[in-house]
Amino acid sequence: MKINIFLPGENEFYRTAKFNGSHFNTNVRQYSTIRTTTTSGTNLLDPWFITGLADGDGSLYITIRKDPSYLLGFSVSPEFKIVAGVNTPNLLLLEAVQMFFGGIGSITSHNSTYSYTVRNKKDLRIIHNHFINYPLQTTKDVHFKLWAQILKMIDNKEHIVKSGLLEIIAVKSVFPNGLSESLKTAFPESHRETWVCSQLWSFKWTLSCWFHTSRRIFWFKLL
């Protein structure tokens with residue numbers, strides 16, 4: 001067995017092997033995180049590769065900001081994002097991710113970082129369904145379940161009543177960035193400890209045969 005490891009952003013060989021497929025030798029059996037091209041010639045990423053990339057460089061956000069157009073004065077905006085350093089291979093990778101999800105979301109550049117971001121509520125359902133079918137394998141799966149709970153609450157219009165908004169704020173408090181000082185001041189009744197105890201369940205530490213990773217692509221040749 002021969003194992004080749006390609007690091008995103010390394011060189012032209014990475015782009016050739018990953019996106020064009022011209023480097024592959026059809027005389028040997030190959031296993032890759034990258035699917036072969038479709039009949040239309042469109043490159044598709046393996047869904048487990050998407051999950052691995054999100055585990056490494058993806059984030060699930062819940063943004064709560066002041067908004068006078070809402071009765072309670074606050075809006076709730078879920079978001080999904082994958083970031084990568086600014087270079088051509090990373091841009092090609094994020095474009096492939098966007099293609100995988102059917103063209104939803106946007107890719108932007110700020111300073112030295114590319115960001116693939118999905119904010120539209122309908123589009124976030126596509127993201128949600130992906131991680132239901134191909135679950136995250138790190139502690140981000142915990143945050144995904146909480147994030148999915150908030151998506152459901154928004155669908156049910158619970159975010160526009162005070163009890164629902166308070167529950168969303170409590171859930172947000174256990175996310176990595178927690179609550180801003182302004183939210184803590186505006187909603188002192190939200191308690192982080194309550195939700196930590198009641199919502200965080202067993203983490204998944206089991207390694208997957210798909211070799212989930214955001215830093216490397218493992219390509220196996222069985223000779």
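The values are calculated or read from the model by the stated rules, or taken from the named source; none is laboratory data. This structure is a prediction, so every number in the text was calculated from the model and none was measured. Every residue, glycine as well, gets a Cβ built from its backbone with ideal geometry; the counts of neighbours run over all protein chains shown.
Taking into account only those residues within region 43-81 that are of a type in the set (S, T, N, Q) and assigned to a loop (DSSP other than H, G, I, E, B), which is nearest to Met99 (Cα to Cα)?
Within region 43-81, the match that is nearest to Met99 (Cα to Cα) is Asn43.
Contact list please: Cβ distance under 9 Å, first residue in region 129-141 and part of a loop (DSSP other than H, G, I, E, B), second residue hydroxyl-bearing (Ser, Thr, Tyr) and surrounded by fewer than 17 Cβ atoms within 10 Å (Cβ to Cβ), pairs at least six apart or on different chains.
Gln137/Thr206; Gln137/Ser208
Name every residue in region 113-128 that is in contact (Cβ under 8 Å) with a residue 12 or more places away in the chain, of a type in the set (D, E, K, R) and part of a helix (DSSP H, G or I), in order of residue number.
Selection gives Lys121, Asp123, Arg125.
Any chance you could count how many residues in region 84-101 are surrounded by fewer than 19 Cβ atoms within 10 Å (Cβ to Cβ), in contact with a helix residue (DSSP H, G or I) (Cβ under 7 Å, 6 or more places away or on another chain) and not in a helix (DSSP H, G or I)?
1
Restricting attention to region 102-112, which residues are at negative phi and in a loop (DSSP other than H, G, I, E, B)?
The answer is Ile104, Ser112.
Cβ contacts < 6 Å: first residue surrounded by 11 or more Cβ atoms within 10 Å (Cβ to Cβ), restricted to region 161-184; second residue of a type in the set (Asp, Glu), any location; separation 6+ or different chain. Result?
What qualifies is Gly164/Glu158.
Looking at Gly102, is it under 16 Å from the mean Cα position of the chain (by Cα) and farther than 16 Å from Asp123 by Cα?
Against the criterion (under 16 Å from the mean Cα position of the chain (by Cα) and farther than 16 Å from Asp123 by Cα), Gly102 does not qualify.
Run Phe218 past the list (1) at pLDDT 90 or above; (2) closer than 29 Å to Trp48 by Cα; (3) among the hydrophobic types (A, V, I, L, M, F, W, C); (4) touching a strand residue (DSSP E or B) at 6+ places or on another chain (Cβ under 9 Å) and report the number of the one that doesn't hold.
The one condition Phe218 does not meet is (1).
I'd like to check something: does region 171-186 contain any residue that is among the charged types (D, E, K, R), in contact with a Leu (Cβ under 8 Å, 6 or more places away or on another chain), at pLDDT 50 or above and more than 30 Å from Leu53 (Cα to Cα)? Let's see the steps before the verdict.
Here is the first cut: in region 171-186, the ones among the charged types (D, E, K, R) are 172, 181, 184.
So of that shortlist, the ones also in contact with a Leu (Cβ under 8 Å, 6 or more places away or on another chain) come out as 172.
Next cut, at pLDDT 50 or above only: 172.
Okay, now just the ones that are also more than 30 Å from Leu53 (Cα to Cα), so none.
Looking through region 171-186, none of the residues is among the charged types (D, E, K, R), in contact with a Leu (Cβ under 8 Å, 6 or more places away or on another chain), at pLDDT 50 or above and more than 30 Å from Leu53 (Cα to Cα).
From Ser59, Ser69, grab the single residue that is at pLDDT 95 or above and of a type in the set (Ser, Thr, Tyr).
Just a single option satisfies the conditions, and that option is Ser59.
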